[in-house]
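Okay, so here's the structure we're looking at.
The values are calculated or read from the model by the stated rules, or taken from the named source; none is laboratory data. Fair warning: this is a prediction, and the values are worked out from it, not measured in the lab. Cβ placement follows ideal geometry from the backbone for every residue including glycine, while neighbour counts extend to all protein chains displayed. Heads up: the accessible areas ignore ligands, DNA and RNA and are worked out on the full protein's heavy atoms, side chains in. Shrake-Rupley method; radii C 1.70, N 1.55, O 1.52, S 1.80 Å.
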Amino acid sequence: MSIEVKNVTKIYGEQKALDAISFSVEPGNIVGFLGPNGAGKSTMMKIITCFIPQTSGSVSVCGYDVIENPIDVKRQVGYLPEHNPLYLDMYVKEYLDFVGGVYKIDNRKGRVKEMIDMVGLEIEQNKKIGALSKGYRQRVGLAQAMIHDPKVLILDEPTTGLDPNQLEEIRGLIKTIGKEKTIMLSTHIMQEVEAICDKTIIINHGKIVANDTTKELQKQQAQEIVLTVEFDKPVETKELQTIDGVLQVKRSKDNLWLLEIKEDNVRNNIFQFAMKKELVVLTMQKETQSLESVFKNLTT
Ligand code: ADP
Ligand code: MG
């Protein structure tokens, strides 16, 4: 396994940021770590990259334990932190050369050039980092994370704050890099995992609420059907809940309801219910569900 997380808990003072989390990441995958703000994504990533220690549980990267072999772990891992703290007064090349020095890599000059080519920084390579757009700063961040040729990349919200064009470019770059490396990236945007991740781990309040291939998560959701139903007269939530096969009831507005059902034939029961209560069904429509609703269902 590239990353193996077992029963990890992290407590900050009184607050439990991670609650007995376990998951693993296979080599070669692009895994999305999806969750709302405050879910614990950055905390988990800082533990994997040896920036902070867990309170309990164990984490290993390429077989090296983060507590026992932090130096080996750091050799295997490249990290793009959430608020990519670049030295704005440094020139792009100078900065990458500096990072290369920290890792004591051979042929620094050649490697810096290679990284500049790889992330598409040729035009901007002689500028100060402070003069670059957010998209180009993220490219510098990616180059910095990869300069020592790690097997695993940990990218914390790599596309947050980018405009749509930059977003598209950075996603493309991550996909390309993902052909060579194992990548774990965090995001609070569902479309992001749909666009680039083979697997998705959803985290909420420090707990894992889903862990599957992105395709499977999309498929599972497709089996849960949400109907929008409009009656001609008011009706009580309680009454709708008595209909056989209706799993959840939510009022959309006035006499418009959202009913979550498991199977299509429940529609029959709804019509019969309406007849019994002398209600008229004005509309009944199936909603198509995306991964976005899986996320919402699991995290609210
Ligand atoms: P995410 O990256 O998913 O937004 P974080 O891992 O940053 O979530 O935070 C998880 C929880 O831990 C949040 O409630 C946050 O306020 C809390 N937290 C994060 N860092 C610290 C810290 N250094 N001290 C105290 N609480 C923290
Ligand atoms: Mg975060």
TODO: Please determine, by comparing only the residues of segment 1-41 that are assigned to a loop (DSSP other than H, G, I, E, B) and away from ligand 2 (no atom under 16 Å from the Cβ), which one is surrounded by the most Cβ atoms within 10 Å (Cβ to Cβ).
DONE: Ser2
- [ ] Please report, ordered by residue number, the strands (runs of 3 or more DSSP E) entirely within segment 163-248 with at least 1 residues that are free of Cβ contacts under 8 Å to residues at least 40 places away in the same chain and out of contact with any Leu (no Cβ under 7 Å at 6 or more places or on another chain).
- [x] 207-213
TODO: Kindly check whether there is at least one residue in segment 286-300 that is at pLDDT 90 or above, surrounded by 13 or more Cβ atoms within 10 Å (Cβ to Cβ) and of a type outside the set (Phe, Trp, Tyr).
DONE: no
Task: Residue check for Ser58: open to solvent by 40 Å² or more (accessible area, probe 1.4 Å) and either within 16 Å of ligand 1 (Cβ to nearest atom) or not hydrophobic (A, V, I, L, M, F, W, C) (or both) - done: yes
Open item on the list: What's the total number of residues in segment 77-98 that are open to solvent by less than 30 Å² (accessible area, probe 1.4 Å), farther than 14 Å from Ala131 by Cα and in a helix (DSSP H, G or I)?
Closed with: 1
Open item on the list: Residue under question is Leu258, and the condition is that it be modelled with pLDDT under 95, out of contact with any Pro (no Cβ under 9 Å at 6 or more places or on another chain) and open to solvent by 40 Å² or more (accessible area, probe 1.4 Å); does it hold?
Closed with: yes
Open item on the list: Conditions first: (1) modelled with pLDDT of 90 or more; (2) surrounded by fewer than 18 Cβ atoms within 10 Å (Cβ to Cβ); (3) not hydroxyl-bearing (Ser, Thr, Tyr). Lys199 passes all but one, so which condition is the exception?
Closed with: (2)
Task: So Thr182, is it among the hydroxyl-bearing types (Ser, Thr, Tyr) and either surrounded by 15 or more Cβ atoms within 10 Å (Cβ to Cβ) or under 20 Å from Gly35 (Cβ atoms) (or both) - done: yes
Task: Residues located in segment 99-149, provided they are assigned to a helix (DSSP H, G or I) and β-branched (Val, Ile, Thr) - done: Val99, Val102, Val112, Ile116, Val119, Ile129, Val140
